[in-house]
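Take a look at the structure below.
The values are calculated or read from the model by the stated rules, or taken from the named source; none is laboratory data. Please read these numbers as outputs of a predicted model, since none were measured by experiment. Reconstructed Cβ throughout: ideal geometry from the backbone, glycine too, with neighbour counts over all protein chains shown.
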Amino acid sequence: MAAAPFDIPALGDPAEHPVPALKPAAMAESKPYLAAAAHQEPLGFPGELEEGWEKHAIALMGDKLSKFRSLQVFMDICVKCGACTDKCHYFLGTGDPKNMPVARADLFRSVYRRYFTTAGKLTPGLVGARDMTRDVLDEWYNYFHQCSQCRRCSVFCPYGIDTAEISMAARDIMDSIGQGQKYCNEIIGKVHKIGNNLGLPAPALLDTLEGLEEDILDETGVPVKLPIDVAGAEVLLVTPSADFFAEPHVLGLIGYAKVFHAAGVSWTLSTKASEAGNFGMFIGNYEQMQKISMRIREAAQELGVKRIIFGECGHAWRVAYSFLNTLAGPWDFLDPRYPVPQHILEFTSDLIRRKGIKLDKSGNEGMVLTVHDSCNVARGARMGDRPGGQFTIPREVIIASVPKFVDMHPDTICDKTYCCGGGGGLLTDELIELRVKGASPRMEALKDVVDKQGVTHMAAMCAICKAQFTKILPYYDFDREMVVSVHQLVSNAILLGDND
Amino acid sequence: MTIFFAVLFSVSTLVLVAGLGLKIAQYARTPAPLKIPTTPAPLTRPGVALRLGREALLFESLFRGNKPLWLFAMIFHLGLAVVLIRHARYFEAHVGPLVALVQPLAMPAGLAMVAGLALLLARRFLIERVRYVTGPSDLLMLALLLAIGVSGLAMKGMVHTDIVAVKAFFTGLMGFELRPLPADPLLGLHLLLVCGLMIVFPFSKLLHAPGLFFSPTRNQTDTPREMRHLAPWAAKLEEKG
């Protein structure tokens, strides 16, 4: 690995919970590229900061406070106890005190107090209330783009204060006054214009799928199909567009196709809904989130499917599981015997349990697996019919597919899992220092099981996690191919052709 | 002094009740448009009640997050709870069974409350991260509570006041009848600080007490696929199409 232009955090023992000393302003200069008018205006946001934006921002804040109970309550009830201060991966990786969740929230809360509370109006100094100024806006921009909305802080807060809610509100206000983030807004533009985050047009998509079918045929001798826009199919599969070509994502997509094939269930992708991701959540904009979700409803209706299944993607699964019914429901035109939507891991694990597919672990010979619980799956959603199914179901599928499985340190898995460091709309090259440093708590826990238990691979169930780890693993002297899709393991183990 | 405190207590009570009432009404009125429980979350309403009960009484999340802080917070809040129950004797003509039960715990509870507060205050200076997020109002709040606790303990243990007269004052006040309050400076200080606390309560972080029960990450069931959750403003948005 070429030397990075910044320090790579040293990895300690996860059992000792190393916490860095404060390094004020360590990440003060870290910020994503600003959205240009061309990225802002198609979403209905002003192209640039306009005269009087301060007043507008405060009006927008008032509107948010009246529409989101989470925001109103979280603004009032923090006691500054500090239980969250050592929980954020970005703080642990950078030492910047403004990456402590309470300090990040205070960037917003200080303005709330100034304009919306008696104490802040009368005695601003006493309660840390601040006017909305250019400096405050810049600080918002930089530090609310150093939060991946992973909700780890909300697990440990005695009142459940969720910094993700606050960073979403801040980003929506910034978008609405003309201070948007290029990465997210450009991508949302592509979803509306082309159908997916990566801007893959339909002909390219068809080509890619055909190529994959040929690859599978060459390798297995079995004609596994990857159908698209097939009306009357049983299942509509909605998957992150990275699954169509990025590695290891695409190996997971091949896995889904093999599972459908072996189970004998007819399925289809859709060019209209060729993206599971919903960056409307990252920018905290309800209308965008709804608009993006409606594509899936329209595709399901047009194709006349009976079920909707989502591929491996963390934030997409949160929006799908937790919000889709709200945003694009009701789903009364689908088969009521199945939850809407389902996760591909729910589908596969059910087949494994019912012996509807057969797996041969020797397909993954020599591999020792661990799993990275995706933050949005772990803390923002569920799988199966019991709380915590989002932890047991992926593990069941992995364990059924591989010879050996080991969990990482208990304080870094399940609902205590760390973000990969690239979630929440931060998976962009200009934030690479933040992404590398923010990944350090996960890398620490990974190194621990690699060194002590001989782990060779880490499975991920999220397109962003997979892309982030592929990029940052080498900074920590790991092989970039160490990260694998969960369904890649299924793909290697599944027995095709004798499913009678 | 009697008239002063009669007026002050009436005003403070009004501010506390009205202020809290308005805040609670605001929390209850504000819609939660999306299902955002921190998962794993309970699937049923009784499950949510249990989760909130564990948070309110056992500080479950804090226990997972920070053991020493959990201990300090427990010491303080348990002490405060006993002290508050015991103070009911100054407001009721006949002392109830619960008040009688905790009576022997009065002194240990008062000491626990003050010790808990002292520990909470100390960590605001000693732990770098906590020092960073501490503002003047956080220190003042602890100082106010400490002063209330210490002045109360001092009256209990050293400079006794005429508690029979104090009780007469409060039971009288509750029937809109003025009875004399002992003119002890320590009692005056104690009552003055308590009124201050009652007045700042609805405007301060003490709102964490009612607020916990309105926190969507803790009070929602995990049932988004089973039931469609739609806020009124979001439904209007849908109609507009």
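Laid out as a table, the results:
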{"read-out": "Among the residues listed as A:121, A:98, A:55, A:64, the single one being in the same structural domain as residue A:181 (by TED's automatic domain parsing), modelled with pLDDT of 95 or more and closer than 19 Å to residue B:215 by Cα", "value": "A:64"}
{"read-out": "Subset of the stretch A:155-176 [away from chain B (no Cβ under 14 Å) and either of a type in the set (S, T, N, Q) or surrounded by fewer than 24 Cβ atoms within 10 Å (Cβ to Cβ) (or both)]", "value": "A:176"}
{"read-out": "Output for the stretch A:24-41, where each listed residue is surrounded by 13 or more Cβ atoms within 10 Å (Cβ to Cβ), out of contact with any Leu (no Cβ under 7 Å at 6 or more places or on another chain) and outside any helix (DSSP H, G or I)", "value": "A:26, A:28, A:31, A:33, A:34, A:35, A:36"}
{"read-out": "Selection count, the stretch B:20-45, where residues are in contact with a Pro (Cβ under 8 Å, 6 or more places away or on another chain), more than 7 Å from chain A (Cβ to nearest Cβ) and among the aliphatic types (A, V, I, L, M)", "value": "3"}
{"read-out": "Residues within the stretch A:133-178 that are of a type outside the set (Phe, Trp, Tyr) and closer than 16 Å to residue B:62 by Cβ, tallied", "value": "9"}
{"read-out": "Of all residues in the stretch A:42-77 being within 14 Å of chain B (Cβ to nearest Cβ) and of a type in the set (Gly, Ala, Ser), the one that is surrounded by the most Cβ atoms within 10 Å (Cβ to Cβ)", "value": "A:70"}
{"read-out": "Residues of the stretch A:390-410 satisfying the condition of being of a type in the set (Val, Ile, Thr) and within 14 Å of chain B (Cβ to nearest Cβ)", "value": "A:392, A:393"}
{"read-out": "Test: residue in the stretch A:402-425 that is over 17 Å from the mean Cα position of the chain (by Cα) and crowded, with 24+ Cβ neighbours inside 10 Å", "value": "yes"}
{"read-out": "Entirely in the stretch B:90-176, the helices (runs of 4 or more DSSP H) that have 3 or more residues that are surrounded by 14 or more Cβ atoms within 10 Å (Cβ to Cβ)", "value": "B:106-126, B:128-133, B:136-157, B:163-174"}
{"read-out": "Listing of helices (runs of 4 or more DSSP H) fully contained in the stretch B:202-241 that carry 3 or more residues being more than 7 Å from chain A (Cβ to nearest Cβ) and closer than 18 Å to residue B:29 by Cα", "value": "B:232-240"}
{"read-out": "For residue A:481: the one exception among (1) surrounded by 20 or more Cβ atoms within 10 Å (Cβ to Cβ); (2) under 21 Å from the mean Cα position of the chain (by Cα)", "value": "(1)"}
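Per-residue answers, yes or no, for (1) within 30 Å of residue B:222 (Cα to Cα); (2) away from every other protein chain (no Cβ under 13 Å); (3) out of contact with any Pro (no Cβ under 7 Å at 6 or more places or on another chain):
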site: B:66; (1), (2), (3): yes, no, yes
site: B:74; (1), (2), (3): yes, no, yes
site: B:85; (1), (2), (3): no, yes, yes
site: B:111; (1), (2), (3): no, yes, yes
site: B:114; (1), (2), (3): no, yes, yes
site: B:124; (1), (2), (3): no, no, yes
site: B:128; (1), (2), (3): no, no, yes
site: B:131; (1), (2), (3): no, no, yes
site: B:134; (1), (2), (3): no, no, yes
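Matching residues to (1) under 18 Å from residue A:260 (Cα atoms); (2) more than 10 Å from every other protein chain (Cβ to nearest Cβ):
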{"position": "A:318", "(1), (2)": "no, no"}
{"position": "A:342", "(1), (2)": "yes, no"}
{"position": "A:366", "(1), (2)": "no, yes"}
{"position": "A:379", "(1), (2)": "no, no"}
{"position": "A:387", "(1), (2)": "no, no"}
{"position": "A:412", "(1), (2)": "no, yes"}
